[in-house]
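The values are calculated or read from the model by the stated rules, or taken from the named source; none is laboratory data. Computed from a predicted structure; not experimentally measured. With ideal geometry, Cβ positions are generated from the backbone for all residues, glycine too; neighbour counts draw on all protein chains shown.
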Amino acid sequence: MVPLHKTDAAIIDAKGVTYSLEVASRPLRILNSVSLRVAPAEVVAIVGPSGSGKTSLLMLLAGLERATSGQVVVRHQDLGQLSEDDLARFRRKSLGIVFQSFHLIPSLTALDNVALALEIAAPELAMPTIRQRAAEALAAVGLAERLDHRPSALSGGEQQRVGLARAMVANPPLLLADEPTGNLDQTTGALVVELMFDLARQNRTAVVLITHDPALAQRADRVFTMTAGELAETTPVR
Ligand SMILES: Nc1ncnc2c1ncn2[C@@H]1O[C@H](COP(=O)(O)OP(=O)(O)O)[C@@H](O)[C@H]1O
Ligand SMILES: [Mg+2]
């Protein structure tokens, strides 16, 4: 853990991040000197062609992969310096993650999917409190009437709203979303992103949203474009 200077308020401070993989025993550079600073409660979007490295960057920000060089600092913790256990703790306490394919547990109801996430993030809470907060998180995404539904009895948009409730239930300071609308039609996807941004702004959650949809990206505070492993800010002039 490398504490930054007190005045440094960034929730994400990635500097000169390079990420290479060995493919057929030759190094393949996926990310090339990527830097990204995100302030607390800031909402940023990342667009860019398929294969440009967007998901790889998200994996590094989540501490699910390690940078080859450079620094990934999230909440003043240098992820490269953390042990696997510390990284797991960091994810539980600091992150919500939303995936393209919703990754709900099929045998559990919506309520139990969300409650399980909170139980893992905050095992000190009593079960009635956990279930109460899970129900509130589902109500916040408009699913108060769907608590007892299993994922198979929910539409795609509803499943992703459960995914969003699960990501937000422990009130993380940072939400990472990798093409959360990729399996939804455009209208449903736009509604889910709108909901995500509303919740994030209410709770002062910083968001990094990866999306293919430039119209959705423009709803963020700032926009970045990934091109062949290089990240540049491309916030439109408003
Ligand atoms: N495990 C892996 N092995 C080999 N190549 C990979 C692996 N993961 C990602 N890549 C390559 O890294 C590049 C970036 O992938 P990714 O981060 O998934 O891009 P995006 O999310 O922008 O589509 C792609 O060329 C992809 O083929
Ligand atoms: Mg991707």
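Give me the residue from segment 117-134 that is among the hydrophobic types (A, V, I, L, M, F, W, C), without any contact (Cβ under 8 Å) to a residue 24 or more places away in the chain and in a helix (DSSP H, G or I) and, out of that set, nearest to Gly156 (Cα to Cα). Outline the logic, then answer.
Initially, segment 117-134 is screened for residues among the hydrophobic types (A, V, I, L, M, F, W, C), giving 117-118, 120-122, 125-127, 130, 134.
Now narrow it down to the ones that are without any contact (Cβ under 8 Å) to a residue 24 or more places away in the chain: 125-127, 130.
Next, from what is left, pick out any that are in a helix (DSSP H, G or I): 127, 130.
Details: Met127: 28, Ile130: 25 Å.
Looking at residues that are among the hydrophobic types (A, V, I, L, M, F, W, C), without any contact (Cβ under 8 Å) to a residue 24 or more places away in the chain and in a helix (DSSP H, G or I), I get Ile130.
For the structure I just gave you, tell me whether Ala200 is over 18 Å from Leu143 (Cβ atoms), more than 16 Å from ligand 2 (Cβ to nearest atom) and either at pLDDT 95 or above or buried (at least 21 other Cβ atoms within 10 Å of the Cβ) (or both). Spell out the reasoning first.
Working: over 18 Å from Leu143 (Cβ atoms): no; more than 16 Å from ligand 2 (Cβ to nearest atom): yes; either at pLDDT 95 or above or buried (at least 21 other Cβ atoms within 10 Å of the Cβ) (or both): yes.
Spelling it out, it is not the case that Ala200 is over 18 Å from Leu143 (Cβ atoms), more than 16 Å from ligand 2 (Cβ to nearest atom) and either at pLDDT 95 or above or buried (at least 21 other Cβ atoms within 10 Å of the Cβ) (or both).
Is at least one residue of segment 19-30 surrounded by fewer than 21 Cβ atoms within 10 Å (Cβ to Cβ), on the phi > 0 side of the Ramachandran plot and hydrophobic (A, V, I, L, M, F, W, C)?
The first filter runs over segment 19-30 and keeps only residues surrounded by fewer than 21 Cβ atoms within 10 Å (Cβ to Cβ), leaving 20-29.
Next cut, on the phi > 0 side of the Ramachandran plot only: 24-25.
Next cut, hydrophobic (A, V, I, L, M, F, W, C) only: 24.
Scanning segment 19-30 turns up at least one residue that is surrounded by fewer than 21 Cβ atoms within 10 Å (Cβ to Cβ), on the phi > 0 side of the Ramachandran plot and hydrophobic (A, V, I, L, M, F, W, C).
Please enumerate the residues belonging to segment 194-214 that are under 12 Å from Val43 (Cβ atoms), touching a residue at least 24 places away in the same chain (Cβ under 8 Å) and assigned to a helix (DSSP H, G or I).
Passing the criteria: Glu194, Met196, Phe197, Leu199, Ala200, Arg201, Asn203.
Just checking: which of the strands (runs of 3 or more DSSP E) contained wholly in segment 1-89 hold 2 or more residues that are under 21 Å from Ala206 (Cβ atoms), at pLDDT 95 or above and within 16 Å of ligand 2 (Cβ to nearest atom)?
Values: elements: 12-23, 26-38, 43-47, 69-74.
It comes to 26-38, 43-47.
Under 7 Å by Cβ, and 6 or more places apart or on different chains, what pairs join a residue from segment 32-54 that is under 17 Å from Ala67 (Cβ atoms) and of a type in the set (D, E, K, R) with one that is part of a strand (DSSP E or B) and within 11 Å of ligand 1 (Cβ to nearest atom)?
Lys54/Ile46; Lys54/Ile210; Lys54/Met226
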